[in-house]
């Protein structure tokens, strides 16, 4: 006799309230179906897979026990939120994830009332949850605040700052530590070691009784066993008291894939907690999907893939990625200079430093999700006589800005900032756009700021940074593939502050800073068909500017136009300041600056995002014609 097929339950869940009418057995079935739906959706869109699969049961349990959106559920980082989105009225749009006009790949306040706080950078959830709890107690919206934070995110100082404050305020607050032993890169540092020891020094089965709840929260029959387990935890090398010393009641560790454990603990905690509580759950990133579980990154970020095999679709390109070019360039320099070291903040694969680490394991440092520490650690390395390259995405370098100013720039320490993901990045949207680094770096005294126009230029900038010991230096480059130019085996050292003329022309000079150069050249070709031959200049440097080159261009052209993949306040603003200081505008020069608009641009393809920004070839061409007051007759669509 064969088992009758189960009736799908996920189809009956349109909001989390629908979970409350289901039995625990039925909730387990919902979790199974939710995992399958998540895999199916991400196979179509690509995106963050492994983290979401690791919290399927936890997502079901939280929504079944708490009363969202009245209770505020805050996912740290947010890349694990796809199952949450499916359960909160967005299942019909889940296959629009990370696409133009579709769902964000992260939590987003404007998208749903079930996303009370937007997140795409790590370690903010406890601070936000504490803010909700404090607002509640001051008479704002009632309801609990629940922060779900991974062990990797917990390594950032901000998380501990929030926990310290929460323990002091003694607000009712739930922090669920999702301990999957794997952030984007394997967690490093003392905290991960502590969490590992917490449950590895005794059989997990012996700790399950402790997982049923804190001593003060459990029904009588469970209290004695829980008390014994808790005392055992306190006797470990570091002890089970770290979180309790911060003022939290500690519950755990518990199996985050076992609803028979999760549901009773969450129900008891919700019913009895009076102050801040940390619930420690153990999960497995990529859980339930063999290709993700077997992957080195546990399926952290994937392209579209075949569900049966897990094989990802590969974009065809003959050009290497900028990230790989940076890594190869750095390795080439490190081969001849033992003082070169590299620092990353939990992104060795994303920055290409995994390749550097394979070649020079003792000279590569992954400091965890701690950009502030990464910058100051690099400053210490520089002060100690090394030549550190601090490789951080533009969007994440924002988190270490105070350290860039105070620990690097003021001391004129030669830290080399390799800034990946410069400009608009596509599917990750506004939260990961590299829009502001030129503006916030180029205003610092003594810093050198460069942008690569193509992958060969990136090699030259790595070589230039390697030998630059007179203060900090930064170079930026985008996500994705290069333009396919000829590549040197090793970069050439550039003269600091000197640009290059790509083509000579008349009437208008276009100064490009960064990889918009390829679009500028397309625009120049189109303008040639109209009888205009612009001068095209690759500026290379936003600081120091090539004064002679820029002023000469201003003297010999009617108009000067700057183009950059960054916000106002960057390269174009510095050029305008130079021209104003030199009195060039007094002689009638027409000047325009093409920068990213004063909006946050939602996710789409990079090409579409640059159309929205007004910075593709057609729009550069239009800007030239408008500036020169040339009538557009028969312009191509």
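With the convex hull of its Cα atoms as the shape, the range 261-319 has an orientation-averaged projected area of 7.1 nm².
Which residues does the label zone of residue 317 cover in the range 512-543, counting backbone N under 16 Å from a point 7 Å along Cα→Cβ? The answer is 515-519. When Rg and Dmax are taken over the Cα atoms of the range 565-620, they come to 14.0, 42 Å. Rounded to two decimals, what ratio of Rg to Rh does the range 311-355 give with C-alpha atoms and a Kirkwood Rh? Ratio of gyration radius to Kirkwood radius: 1.07.
Specify whether the C-alpha gyration tensor of the range 322-476 places it in the rounded, prolate or oblate class, a ≥ b ≥ c being the square roots of the eigenvalues: rounded for a/c under 1.5, otherwise prolate if a/b is larger than b/c and oblate if not. Rounded is the answer for the range 322-476, as its axis ratio a/c remains below 1.5. Taking the longest Cα principal axis of the chain as reference, the axis of helix 157-169 is set at about 50 degrees. Put simply, the C-alpha atoms of the chain give a gyration tensor, and the ellipsoid matching it has half-axes of 49, 27, 22 Å, longest first.
Given a Förster distance of 60 Å, report the FRET efficiency between residue 582 and residue 141 from their Cβ-Cβ distance, rounded to the nearest 0.05. Efficiency for this residue pair is about 0.60.
The distance linking the range 430-482 with the range 290-354 is 20 Å (Cα centroid to Cα centroid, whole angstrom). Measuring max minus min along each principal axis, the C-alpha atoms of the range 481-575 give extents of 39, 29, 24 Å (largest first).
Computed over the chain, relative contact order equals 11 percent, with contacts defined as Cα pairs under 8 Å that lie 6+ residues apart. For the range 322-476, give the share of DSSP beta bridges that are antiparallel, in percent and rounded to the nearest 5; count only bridges with both residues there. Beta bridges within the range 322-476, antiparallel portion: roughly 5 percent. How far is helix 571-581 tilted off the main Cα axis of the chain, in degrees rounded to 10, range 0 to 90? The answer is roughly 40 degrees.
Over the range 365-493, what is the relative contact order in percent, taking alpha-carbon pairs closer than 8 angstrom and at least six residues apart?
Result for the range 365-493 is 25 percent.
How many percent of all Cα-Cα pairs in the range 340-382 sit more than 11 Å apart? Roughly 60 percent, once rounded to a whole number.
Peptide packing: for 506-513, 332-339, 270-277, the average count of neighbouring Cβ atoms within 10 Å per residue gives the ranking 506-513, 270-277, 332-339, highest mean first.
Report, to the nearest 10°, how far helix 125-137 tilts away from the longest principal axis of the Cα atoms in the chain, using its own Cα long axis and a range of 0 to 90°. Result, in degrees: 60.
Sorted into 10 angstrom bins from 0, the C-alpha pair distances of the range 278-363 split as 14, 32, 30, 18, 5 percent.
Count the DSSP beta bridges whose two residues both fall in the chain, then state the antiparallel fraction as a percent rounded to the nearest 5.
Among the beta bridges of the chain, antiparallel pairing accounts for roughly 15 percent.
Quick check on the range 402-543: of the DSSP beta bridges with both residues there, what percent are antiparallel, nearest 5%? Among the beta bridges of the range 402-543, antiparallel pairing accounts for roughly 35 percent.
Each of the peptides 52-58, 399-405, 95-101, 555-561 was scored by the mean count of other Cβ atoms within 10 Å over its residues; in descending order, highest first, they stand as 52-58, 399-405, 555-561, 95-101.
Helical runs (DSSP H, four residues minimum) scored at -39500 (n - 2.57) apiece and divided by the length of the chain put the mean residue ellipticity at 222 nm at -11000 deg cm²/dmol. Computed on the Cα atoms alone, the convex hull of the range 500-627 gives a volume of 99 cubic angstrom per residue. Here the contact order of the range 487-591, divided by its residue count and restricted to Cα pairs under 8 Å and six or more residues apart, works out to 32 percent. With q set to 0.10, 0.12, 0.13 Å⁻¹, the log10 of I(q)/I(0) for the range 56-143, from the Debye formula over equal scatterers at the Cα positions, is -0.25, -0.35, -0.42. With both labels modelled 7 Å from their Cα along Cα-to-Cβ, the residue 359 to residue 485 distance reads 2.1 nm.
If we sort 299-308, 112-121, 386-395 on the protection proxy, mean other Cβ atoms within 10 Å, highest first, what's the order?
Top to bottom by mean Cβ count within 10 Å: 386-395, 112-121, 299-308.
With the simple model of a label 7 Å out from the Cα in the direction of the Cβ, residue 501 to residue 307 spans 6.1 nm.
Only the coordinates and a few stated rules stand behind these numbers; no lab work does. Keep in mind it's a predicted model, so treat the numbers as computed, not measured. With ideal geometry, Cβ positions are generated from the backbone for all residues, glycine too; neighbour counts draw on all protein chains shown.
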